[in-house]
Amino acid sequence: MDRSIRNIVFDLGGVLLEWKPDQILARLYPEDPETQALVKKEVFQHPDWLALDKGTLDEERAVRLFQQRTGRPLSEMTVLMDTVRETLIPIQPTFALLEELSKEGMNLYCVSNMQINVFAYLQKRYDFWGKFKGLVISAHVRMIKPDAEIFHHLFSRFGLAPSASVFIDDHLPNVESARRLEMQAILFQGADDCRRQLQQVHGRL
């Protein structure tokens with residue numbers, strides 16, 4: 001076992017919590033692929049979504065911009081944002097893995113690109129936050145993955161050595177950024193695969 005690995009750093013959306021924009025769009029606009037494509041392009045794939053994650057755009061203003069670009073009703077865009085929050089539900093197999101790592105005595109952290117209102121909702125809805133020794137939420141620090149600065153913030157804020165830390169994320173550019181900073185990093189493709197890769201890193205689980 002590589003005893004130098006002490007810290008496991010998790011992403012939230014797509015790793016610990018479901019994040020499936022296409023399913024959200026299919027739920028809100030069933031049998032309307034044109035509107036699904038429009039909203040996907042003008043909301044989820046637009047730079048404003050990253051600005052929300054970075055905390056440089058607030059949700060009220062963003063919803064108005066979404067309405068202007070899509071031509072859809074303002075109330076509909078509000079429902080869209082509510083649905084985003086409600087569908088970020090725990091991925092139970094990953095939480096089982098999280099629990100195993102906690103029992104092993106690993107230090108658990110979280111670095112997530114997430115909007116202020118979304119995170120506030122999740123904080124109230126779920127009680128698992130105490131499992132983490134530290135959280136870095138992009139909108140709170142106005143930094144965003146895959147930029148190196150958010151990882152440097154993690155290291156300095158919690159006194160972590162990159163080489164003693166494993167980062168788990170479902171987005172390849174974020175994984176590659178962490179590796180450039182000398183973290184070991186796993187591209188998340190399901191809890192079983194993640195467990196197997198962690199076994200290779202530190203020999204247990």
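Some values worked out for this structure:
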| item | result |
| --- | --- |
| Shape parameters for the range 21-86, alpha-carbon atoms, Rg then Dmax in Å | 11.0, 34 |
| Net lengthening on full extension, residue 131/residue 76 (0.36 nm per residue, minus Cα-Cα) | 16.2 nm |
| Nearest-0.05 FRET efficiency for residue 31 and residue 157, computed from C-beta distance (R0 41 Å) | 0.30 |
| Fewest-first sequence of 128, 10 by Cβ atoms within 10 Å of each Cβ | 128, 10 |
| Label-point gap, in nm, between residue 103 and residue 23 - each point 7 angstrom along Cα→Cβ | 2.7 |
| Residue order, fewest to most beta carbons within 10 Å, for 25, 154 | 25, 154 |
| Relative contact order for the range 68-205, counting Cα pairs under 8 Å that sit 6 or more residues apart, in percent | 18 |
| Residue exposure sequence - 6, 72 - by fewest surrounding Cβ within 10 Å | 6, 72 |
| Stokes-Einstein diffusion coefficient of the range 136-184, Kirkwood radius over Cα pairs, 4 °C, 1.567 mPa s, in µm²/s | 120 |
| Mean ellipticity per residue at 222 nm, deg cm²/dmol - from DSSP H runs of n ≥ 4 across the chain, formula -39500 (n - 2.57) | -15000 deg cm²/dmol |
| Built amide H within the under 5 Å cut-off of residue 9, gap 5+ | 109, 166, 167, 168 |
| When each of 40/124; 103/133; 54/145; 54/131 is checked by Cα-Cα distance, pairs over 21 Å | 40/124; 54/131 |
| Contact order normalised by residue count of the range 21-86, Cα under 8 Å, 6+ apart, percent | 29 |
| Surrounding net charge for residue 167, when Lys and Arg each add one and Asp and Glu each subtract one, Cβ distance under 12 Å | -2 |
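Where a number appears in this text, it was derived from the coordinates with a stated rule and is not lab data. The structure presented is a predicted model; accordingly, all values stated were derived computationally and were not measured. As a convention, Cβ positions derive from the backbone with ideal geometry for all residues, glycine included, and neighbour counts pool all protein chains shown.
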